[in-house]
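The values are calculated or read from the model by the stated rules, or taken from the named source; none is laboratory data. Because the structure is predicted, anything quoted here is derived from the model rather than measured. For neighbour counting, all protein chains shown are included, and Cβ atoms are generated from backbone atoms with ideal geometry for every residue, glycine included. These area figures cover heavy atoms from the full protein model, side chains too; ligands, DNA and RNA do not enter into them. Shrake-Rupley method; radii C 1.70, N 1.55, O 1.52, S 1.80 Å.
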Amino acid sequence: MAMPVRPREHEIETESRRAFASMVPASWVVRDVQEDYGVDLEVEIFEQGRATGLTFRVQLKGTDTAPRKGRISRPGIKASTLSYWNSLDTPVLVALYSTANNTFYGRWAHGYDRYYMRSQEAKTLTFSYNPADKIDLEYIKRLPSDVRFIRSVQRNDLTFPMPVFLKIGSSVQGHSDKRLAFELRQAIEATDGLLYHSVEQDASVVLSIESDAITAVLPTRVRTSTIHLEPDAYRVSDGLKGIAADAMLALANVFISIGDIRSAVGLVDRFAQYSLIMWKSPALEHYLEHFLKAGYTGGAFRLIERFIDSKDRDEREIASHVMTAIFVSNGPFGLSRSESDRMIERMNSRAEVERKQLLSAAAGKTLYCIGEVYRARKEYQAAVDALDSANVSDPTYSRRGYFWRVRGGLHYELKRFDEAIGDYRKAISCGDSPEASFLLADVLVHAGRYEEASGVEIRSDAIDYYALGERTARRVISIINSRVGVAVQDRTRLSREAADELIASHDADRIVAALRSHDALDTRLWYALVPLLWESDPDFTMDCLLMLADFERDNAKCWALAACHAVGERVPEDLVDDLCDNGIKWCGHGFLDAVEALCELSGGDFSEAVRDKVYERAEMERPRWPRVVRFVDDDGTYQVLEIP
């Protein structure tokens with residue numbers, strides 16, 4: 001009777017497991033991994049009998065094939081499997097066992113450079129091993145340091161300066177090997193403590209320079225970056241500087257790949273000016289994308305600074321896209337003062353270039369952006385001047401509501417309330433600035449024109465980001481009308497002595513009369529009313545607290561006290577909700593901290609009721625501030641694109 005025959009493939013698998021277990025130190029623990037995709041073993045490293053917390057996984061494959069000229073390949077690995085290995089918390093050693101010479105070869109999965117795939121869409125790939133990948137005693141000794149380095153990369157906890165080992169091909173693009181090595185060492189030493197040249201390859205970043213490619217490889221091949229060089233592109237007078245610069249940019253790519261954008265920005269800042277590849281669109285866009293995504297707006301700005309006032313429209317367009325991204329992400333606040341100064345200088349120069357090219361609309365847009373930079377710097381008069389220049393260059397701005405809304409805000413900050421009122425009315429007439437109505441009402445209040453403010457038509461059914469401000473504005477106007485009873489006033493603030501004397505009188509009627517005769521927005525007097533009315537008139541007290549919170553919007557204690565009082569007095573639910581939402585909007589965690597402090601003082605069921613309401617509102621999804629980019633057509637019409 002015929003008996004079952006064990007396939008050779010199964011025999012090789014058993015041999016490979018036994019062989020690998022016999023190679024590692026006896027103190028290490030080798031475990032079989034069950035039901036794991038493409039992983040066979042887990043190895044825990046011990047040193048001198050002590051656990052290290054270091055582990056790695058092993059994917060085993062055996063073959064009867066013998067290496068040829070020291071090289072051997074392992075084809076048929078699924079690209080999806082490689083992605084899975086790279087997603088694991090512990091590194092995966094992809095090992096190949098050749099029964100022909102009883103030898104293991106190993107490469108870390110994350111060290112595979114997809115640059116060498118026959119196609120980026122390929123479903124399978126091949127791991128190639130050379131003599132340096134042979135797993136011998138020295139290889140095993142390196143494994144603990146390899147795993148430590150991989151862990152430091154995963155935790156973004158690298159040690160600097162990092163050693164760099166140079167491998168230079170023969171006569172790279174016609175340049176002397178020694179001269180090129182000198183230029184590269186000079187570049188490495190110019191990285192301000194980020195890198196240093198090393199003559200030891202182990203545990204170093206390996207920088208390989210050939211005529212057709214520059215390759216940067218981190219230790220253990222945890223990350224690899226390859227830059228393809230065009231033939232003879234560096235056979236120019238500054239070719240040596242160009243090769244050295246692009247080698248540093250290859251290292252910047254490696255840092256980007258492990259999430260160390262700060263180091264990448266440092267290298268790009270230092271060497272981009274000498275690069276021969278940086279200013280080609282794909283490379284430039286690559287660095288810009290990663291810098292902006294990580295919030296390094298200054299690094300992105302410095303890359304495109306030279307393009308801002310370029311005479312080439314395509315280069316100016318690149319700069320425009322980046323500046324738009326900077327404004328959309330966190331505005332010019334991400335730039336240093338000197339960078340902001342240089343941006344303004346370049347943009348003024350750019351506007352002049354655009355005028356000379358008869359591009360008045362483009363010049364208007366540039367001048368408007370200058371105004372936004374000044375606004376971010378709180379230089380409000382300079383911002384107004386820039387906006388007015390934009391309107392002169394491109395009169396279609398006068399038909400855009402957002403232009404007048406921004407200009408109104410600048411005049412508000414300058415305390416020029418009449419000008420702000422005029423601007424907001426123009427914004428309303430343009431019909432595309434929904435927040436202009438309640439901003440008009442707000443500035444009318446600050447101008448002392450309370451009755452006029454109450455006549456402004458504010459949306460009653462809004463649910464967007466601005467709706468909360470609109471409801472609060474309506475309440476403030478109503479309180480002034482009902483509690484103070486004044487239609488219009490010049491808002492003459494009481495002297496400190498007069499205010500102190502009035503407050504010391506503890507006479508609520510006199511204090512209200514002073515609000516009516518002098519300044520209905522005097523917070524000193526509203527503060528004085530709170531303790532006088534707390535017991536006798538809780539409704540009036542509620543109004544006082546709301547007025548104070550709205551006048552001092554970044555004062556977390558005011559919003560917290562108003563919210564707690566509202567819960568205790570069982571005022572309408574929508575008012576309680578709005579007080580909590582305002583506190584969270586303006587003060588964030590500071591509001592929550594202030595609420596907790598008040599609850600600690602009060603205690604009991606009341607405190608729990610306050611906490612229930614506040615955290616219910618804090619966990620709710622609320623309308624976000626709309627971030628938009630406007631596209632203006634040649635005829636002056638424009639579309640508004642909201643940024644997610």
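Brief remarks follow.
- Contacts under 8 angstrom Cβ, first residue in the stretch 35-63 being closer than 22 Å to SER152 by Cβ and modelled with pLDDT of 90 or more, partner open to solvent by 40 Å² or more (accessible area, probe 1.4 Å) and of a type in the set (Phe, Trp, Tyr), 6 or more apart: THR52/PHE46
- Qualifying positions in the stretch 362-384 - more than 24 Å from GLU317 (Cα to Cα), touching a residue at least 12 places away in the same chain (Cβ under 8 Å) and not aromatic (Phe, Trp, Tyr): ARG377, LYS378, GLN381, VAL384
- Looking only at residues of the stretch 538-560 that are under 20 Å from PHE438 (Cα atoms) and of a type outside the set (Asp, Glu), we find that the one that is most open to solvent (accessible area, probe 1.4 Å) is ARG553.
- Out of ALA427, ALA420, sole residue that is touching a His at 6+ places or on another chain (Cβ under 7 Å), hydrophobic (A, V, I, L, M, F, W, C) and either in a helix (DSSP H, G or I) or open to solvent by less than 50 Å² (accessible area, probe 1.4 Å) (or both): ALA420
- Residue in the stretch 99-113 that is open to solvent by 50 Å² or more (accessible area, probe 1.4 Å), in contact (Cβ under 8 Å) with a residue 24 or more places away in the chain and within 40 Å of the chain's Cα centre (by Cα) present: no
- When the residues of the stretch 312-347 are filtered to those that are in contact with a Leu (Cβ under 8 Å, 6 or more places away or on another chain) and open to solvent by 50 Å² or more (accessible area, probe 1.4 Å), the one that is modelled with the highest pLDDT is ILE318.
- The set of residues from the stretch 269-281 being surrounded by fewer than 18 Cβ atoms within 10 Å (Cβ to Cβ) and either on the phi > 0 side of the Ramachandran plot or aromatic (Phe, Trp, Tyr) (or both) comprises just one member, TRP279.
- Within the option set LEU284, LEU288, LEU240, being at pLDDT below 90, open to solvent by less than 70 Å² (accessible area, probe 1.4 Å) and touching a His at 6+ places or on another chain (Cβ under 9 Å) holds for one residue only, LEU288.
- Here GLY193, GLY174 are screened, and the one residue that is modelled with pLDDT under 95 and over 33 Å from the mean Cα position of the chain (by Cα) is GLY174.
- Members of the stretch 424-439 found to be within 18 Å of SER398 (Cβ to Cβ) and either among the hydrophobic types (A, V, I, L, M, F, W, C) or modelled with pLDDT of 90 or more (or both), listed by number: TYR424, ARG425, LYS426, ALA427, ILE428, SER429, CYS430, ALA436
- In the stretch 61-171, counting only strands (runs of 3 or more DSSP E) that sit wholly within it, the ones holding 2 or more residues that are under 16 Å from PRO219 (Cβ atoms) span 103-108, 162-168.
- Residue check, GLY401 open to solvent by 50 Å² or more (accessible area, probe 1.4 Å) and among the small types (Gly, Ala, Ser): no
- Restricting attention to the stretch 258-268, the residues being part of a helix (DSSP H, G or I) and either more than 16 Å from the chain's Cα centre (by Cα) or surrounded by 18 or more Cβ atoms within 10 Å (Cβ to Cβ) (or both) number 7.
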